[in-house]
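To keep things clear, I will list the structure first and then write my remarks on it.
Where a number appears in this text, it was derived from the coordinates with a stated rule and is not lab data. Quick caveat: nothing in here was measured; it's all calculated off a predicted structure. Neighbour counts are summed over all protein chains in view; Cβ atoms, including those assigned to glycine, are modelled from backbone coordinates with ideal geometry.
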Amino acid sequence: MSITDADVRKIALLARLAMSETETEIARAQLAGIFDLIAEMQAVDTQGIAPMSHAQDVSQRLREDVITETDQRALFQSIAPQVEAGLYLVPQVIE
Amino acid sequence: MLNSSLQQLGSALRARKISSVELTQLFLDRIAALNPALNAYITTNAETSMAQARIADGRISKGEASPLTGIPVAQKDIFCAKGWRTTCGSKMLANFVAPYDAHVIGLFNSAGAVNLGKTNMDEFAMGSSNETSYFGAVKNPWNQKAVPGGSSGGSACAVAARLCAAATGTDTGGSIRQPAALCGISGLKPTYGVVSRYGMIAFASSLDQAGPMARSAEDLALLLNVMAGFDERDSTSLQRDKEDYARDLSKPLNGLRIGLPKEFFAEGLGSDVALAVNAAIAEYKKLGASVVEISLPNSKLSVPVYYVLAPAEASSNLSRFDGVRYGYRAPEYGDLADMYEKSRAQGFGAEVKRRIMIGTYVLSHGYYDAYYLQAQKIRRLIAQDFTDAFKQCDVIMGPTSPSTAFNLGEKGDDPVQMYLSDIYTIAVNLAGLPGMSIPCGFGANQMPVGLQIIGNYFDEARMLNIAHQYQLATDWHSRAPQGL
């Protein structure tokens with residue numbers, strides 16, 4: 001299938017990946033090769049076949065609605081790029 | 001000591017012929033000497049390892065040792081280990097010190113094993129050659145110009161080069177079996193759900209499964225005895241009775257029916273690999289097995305199906321790396337979106353970005369049915385092929401990889417060629433079946449060849465028996481690379 005630079009830019013935006021012009025060009029060529037490989041699937045007749053999303057037929061377990069975790073906020077925030085007063089800092093989003 | 005089995009090491013430790021401190025130091029010295037060339041480990045921490053060894057020696061002296069107490073084990077750097085830098089082979093996590101233990105790490109700690117260090121791997125386990133690691137490629141100890149396979153290439157190299165007694169790996173599309181084959185060691189990917197994924201950094205959650213890598217099937221059984229078991233913190237962990245995976249090791253193989261999928265011996269298989277695999281099949285016949293030709297007609301579709309499903313799951317799993325709570329954040333950025341985009345663009349390597357892009361695309365509006373849903377339907381056909389095949393045979397055998405180890409850089413520019421090196425392993429993950437690779441000879445370039453053994457669901461003990469009986473009759477598994 002054909003994939004355009006505009007397609008690549010749109011996917012990069014959805015995936016939140018900054019991409020230069022050169023990278024876009026390389027990505028387009030490589031993705032085209034991969035989508036040619038994937039295209040082999042299209043010839044297969046799968047009418048009436050149920051999708052298989054999981055290796056085992058198991059249902060989600062339920063548990064009692066009780067608190068099982070302890071507070072580890074300080075430990076978890078000690079590895080964050082930027083924190084202040086117990087909050088994760090990011091660029092301002094609301095004026 | 002370096003060539004001893006885990007059973008022998010455990011006996012020596014319990015008989016006080018050697019201490020865990022001495023054994024750990026022996027391996028740490030070897031790592032210091034050989035790792036600069038082989039690059040099997042990303043992180044070692046001698047102080048922590050030695051502290052664990054001292055505790056193990058204390059347990060042994062009190063008579064509280066279990067089979068792995070005091071034994072130094074290398075952990076793939078995909079498992080979070082509290083206080084250990086855990087990178088997953090990525091710049092994104094280059095400075096990430098895990099605040100908790102993965103379930104697997106906790107089990108090894110409880111067993112008294114020593115964490116010898118964190119092994120190198122393809123970035124986020126995405127690769128078949130270990131060349132996508134941010135920390136540089138691992139070298140194959142049999143020929144340092146060649147790749148060790150991937151993504152658990154650091155663990156495979158460490159086991160083969162005697163830089164650890166045993167190691168862990170994870171396998172999403174062949175990442176335990178393929179490097180085991182290329183480095184001449186034994187590796188087992190259990191049935192999906194047997195080993196907890198808690199604290200194992202996620203790649204494709206419906207396929208990821210951890211397993212042991214070691215020098216023999218007997219060692220694998222001891223390791224799996226520690227690793228397997230229900231964990232409520234993994235929603236896909238299976239509730240099953242605890243079993244002893246070593247219980248059937250000594251059973252004879254009389255009457256064993258081996259299925260040989262004709263698709264695994266067709267065009268694309270290296271003639272030297274075919275020769276070694278066929279010789280192994282002949283050995284099995286001598287051991288009392290019979291052979292039946294089977295067909296896995298949809299297995300040829302496993303590569304395209306995998307390269308839709310695994311990237312789709314990865315694109316979702318890796319959305320957590322946003323530069324906010326942990327991991328890499330770009331040094332300069334404008335608004336919030338810019339911070340996300342730059343942190344991810346700089347923190348992820350090329351192969352990871354490629355797979356996130358594929359996954360994002362196949363899940364996007366208008367393509368979901370044609371790609372993602374179609375792939376899931378074919379996944380069922382692939383799994384059904386195995387169900388049908390196991391009506392005719394007890395176990396399936398074939399090559400693990402179409403060729404022996406290729407050279408570093410050889411497939412670097414062409415992702416599709418790299419993806420095809422997993423053609424015999426991927427279908428097993430899609431079906432959720434257990435698979436293993438054991439050494440069965442050498443190819444034309446004197447590099448190891450792996451025999452793949454695929455079992456029915458939960459047949460790990462039988463597969464280990466089948467592998468162990470072969471290893472009693474042959475010595476491929478005890479060969480070691482020269483000059484190390």
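Numerical summary
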| read-out | value |
| --- | --- |
| Charge dipole magnitude, Cβ of K and R +1, D and E -1 - the stretch B:199-276, Cα centre, debye nearest 20 | 220 |
| Label-point separation in nm, B:Thr43 to A:Arg73, each point 7 Å along Cα→Cβ | 2.6 |
| Test item: A:15-25 mean partner chain Cβ contacts at 10 Å | 6 |
| Shielding of A:75-83 by partner chains, average beta-carbon count, 10 Å | 5 |
| Neighbourhood charge, 9 Å Cβ-Cβ cut-off, centred on B:Pro311 and excluding it, Lys, Arg +1 and Asp, Glu -1 | +1 |
| Rounded, prolate or oblate (a/c below 1.5 giving rounded, otherwise prolate when a/b exceeds b/c) for the protein assembly as shown by Cα gyration tensor | oblate |
| Chain B, relative contact order in percent, only Cα pairs under 8 angstrom and at least six apart counted | 18 |
| Filter on B:Lys82/B:Lys145; B:Lys76/B:Lys285; B:Lys145/B:Lys353; B:Lys242/B:Lys300; B:Lys189/B:Lys262 - keep pairs with C-alpha separation over 31 Å | B:Lys82/B:Lys145; B:Lys76/B:Lys285; B:Lys242/B:Lys300 |
| FRET efficiency, 1/(1 + (r/R0)^6) with R0 41 Å, evaluated for A:Ala39 and B:Ser290 via beta carbons | 0.55 |
| Alpha-carbon centroid distance for the pair the stretch B:1-69 / the stretch B:216-230, whole angstrom | 18 |
| Within the protein assembly as shown: Cβ-based charge dipole about Cα centre, in debye rounded to nearest 20 (Lys, Arg +1; Asp, Glu -1) | 1420 |
| Radius 12 Å from Cβ of B:Ala210, net charge of other residues (Lys, Arg +1; Asp, Glu -1) | -1 |
| Between the stretch B:414-432 and the stretch B:295-372, the alpha-carbon center distance in angstrom | 18 |
| Footprinting exposure proxy for B:Thr168, B:Thr86 (fewest neighbouring C-beta atoms within 10 Å first) | B:Thr86, B:Thr168 |
| Cα-centred dipole magnitude for chain B, charges only on beta-carbon of K, R (+1) and D, E (-1), debye, nearest 20 | 740 |
| Sites matching trypsin sites (Lys or Arg not before Pro) across the stretch B:27-65 that sit in DSSP coil, with at most 15 neighbouring C-beta atoms within 10 Å | B:Lys62 |
| Shape metrics for chain B, restricted to C-alpha atoms - Rg then Dmax, Å | 21.1, 69 |
| Overall form of chain A per C-alpha gyration tensor (a/c, 1.5; a/b vs b/c) | oblate |
| FRET efficiency estimate (nearest 0.05) - Cβ-Cβ, B:Ala480 to B:Ser61, R0 45 angstrom | 0.90 |
| Ranking of B:Leu224, B:Leu464 by count of other Cβ atoms within 10 Å, fewest first | B:Leu224, B:Leu464 |
| The protein assembly as shown, helix-only ellipticity at 222 nm - DSSP H runs n ≥ 4, -39,500 (n - 2.57), divided by all residues, nearest 500 | -11000 deg cm²/dmol |
| Cβ-based net charge around B:Ser152, under 11 Å, with every Lys or Arg adding one and every Asp or Glu removing one | 0 |
| Taking B:Asp231, A:Asp45 and counting other C-beta atoms within 10 Å, the order from fewest to most | A:Asp45, B:Asp231 |
| Gyration tensor verdict on the stretch B:278-373 (Cα atoms; rounded if a/c is under 1.5, prolate if a/b is larger than b/c, oblate otherwise) | prolate |
